[in-house]
Amino acid sequence: MTRIPVEHPRYESLMTREKIVEGVQIGITSRQGLIAQGRGETFDYLLGERTIATAAYAERAAVALLLLAQNPIISVNGNTAALVPDEIVSLSDVTGSQIEVNLFHRSDARMHKITNHLKAHGAGNVLGRKGNARLDLDHDRAIVDEGGIYSADVVLVPLEDGDRCKTLVDMGKNVITIDLNPLSRTSISANVSIIDNITRAIPNMVQFAKDMKHNKTEELESVVDSYNNKVNAKVLSSAMYEMSETLKNMSIERGIEWI
Ligand code: PTJ
């Protein structure tokens with residue numbers, strides 16, 4: 001891993017890049033994952049590389065959903081495994097969610113390596129390799145475990161592909177996504193859309209889960225009830241508003257007239 005000085009102004013962003021590159025080197029992240037990360041970085045730059053208030057609100061509602069679920073599942077791909085393996089294991093432990101590996105660029109070798117990587121970071125049982133059920137999709141993300149994503153009532157799908165998100169929603173599941181692009185099909189079709197970098201979103205969710213795990217069922221239900229489709233639409237538009245404000249402020253700071 002390239003050594004990045006802590007005082008570098010883009011330290012966090014560069015360290016995240018290093019983790020994705022390392023993920024590719026050890027065979028857990030796809031090469032396409034590098035491009036996906038670059039796209040995410042652009043949106044994060046526009047967002048000011050911070051968790052905006054409405055993203056934190058969505059993260060809290062997402063945690064309430066996971067805590068209330070009968071069979072909650074956290075879906076993990078190659079980027080998620082490289083960026084936040086410890087935090088995914090913590091979130092799974094605190095919310096009682098199972099972890100399932102589900103890949104767009106699926107191969108037995110990557111399924112195996114990601115499973116072992118998560119176990120090395122403390123995960124117990126990791127689902128996904130059975131692949132004994134299918135979603136109604138024509139790519140490999142359709143391959144799921146019957147006792148996992150297929151029968152889940154709540155699914156967290158970070159850095160998702162829009163088709164699968166919509167299919168899971170159409171199956172009647174509550175779908176939570178983490179995607180920095182507020183206009184992606186994923187963000188638009190999910191029940192709870194978290195517009196935040198996964199490197200901030202998952203640690204925030206672990207903290208919310210620790211704070212809320214002893215809350216009464218009615219308290220959690222009221223958090224979920226107050227977060228509905230209308231609120232989710234506002235979460236998307238507020239992320240776009242914050243991005244346009246960042247652009248405006250940066251333009252003005254750099255002496256470019258904002259017209
Ligand atoms: O490991 P695999 O084979 O399942 O493949 C995973 C990737 C991510 C390569 C695959 O799902 C893919 O191609 O995804 P997309 O269609 O590029 O979508 C990824 C979305 O995640 C984009 O909207 C990015 O803006 C967003 N994104 C990228 N990095 C981050 C992110 N969102 C949050 N945090 C990030 N760090």
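Listed values, structure above:
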quantity	calculated
Checklist (1) in a helix (DSSP H, G or I); (2) under 23 Å from residue 187 (Cβ atoms) applied to residue 29, failing item	(1)
Whichever residue in the range 169-198 is without any contact (Cβ under 8 Å) to a residue 24 or more places away in the chain and polar (S, T, N, Q) and, among such residues, is nearest to the ligand (Cβ to nearest atom)	184
Tally, over the range 1-58, of residues that are of a type in the set (Val, Ile, Thr) and either near the ligand (Cβ under 10 Å from one of its atoms) or in contact with a Leu (Cβ under 6 Å, 6 or more places away or on another chain) (or both)	7
Residue, farthest from residue 17 (Cα to Cα), within the range 192-235, restricted to residues that are assigned to a loop (DSSP other than H, G, I, E, B) and at pLDDT 95 or above	216
Failed item in (1) out of contact with any Ser or Thr (no Cβ under 7 Å at 6 or more places or on another chain); (2) over 20 Å from residue 242 (Cα atoms); (3) among the β-branched types (Val, Ile, Thr), with residue 42 passing the rest	(2)
In the range 77-89, the residues that are over 13 Å from the mean Cα position of the chain (by Cα) and within 16 Å of the ligand (Cβ to nearest atom)	86
Residue check, residue 73 more than 9 Å from the ligand (Cβ to nearest atom), crowded, with 24+ Cβ neighbours inside 10 Å, closer than 17 Å to residue 26 by Cβ and touching a residue at least 60 places away in the same chain (Cβ under 8 Å)	no
Residue pairs meeting the criteria (Cβ under 9 Å; at least 6 apart or on separate chains; first farther than 28 Å from residue 56 by Cα, in the range 242-259; second assigned to a helix (DSSP H, G or I) and small (Gly, Ala, Ser))	257/251; 258/251
Restricting the range 174-215 to residues that are small (Gly, Ala, Ser) and more than 15 Å from residue 80 (Cα to Cα), the residue that is surrounded by the fewest Cβ atoms within 10 Å (Cβ to Cβ)	189
Answer residue from the range 100-119, given it is without any contact (Cβ under 8 Å) to a residue 12 or more places away in the chain and within 24 Å of residue 90 (Cα to Cα) and is farthest from the ligand (Cβ to nearest atom) among those	119
The listed residue being away from the ligand (no atom under 13 Å from the Cβ), among the polar types (S, T, N, Q), surrounded by 20 or more Cβ atoms within 10 Å (Cβ to Cβ) and closer than 30 Å to residue 1 by Cα, out of 97, 92	92
Residue 41 of a type in the set (D, E, K, R), in a loop (DSSP other than H, G, I, E, B) and touching a residue at least 24 places away in the same chain (Cβ under 8 Å)	no
Any hit, the range 90-106, residues being of a type in the set (Val, Ile, Thr) and within 14 Å of the chain's Cα centre (by Cα)	yes
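The values are calculated or read from the model by the stated rules, or taken from the named source; none is laboratory data. What you see is a predicted model; the values in this text were computed from it and never measured. Don't worry about glycine lacking a Cβ; one is built from the backbone with ideal geometry, like all the others, and counts go over all protein chains shown.
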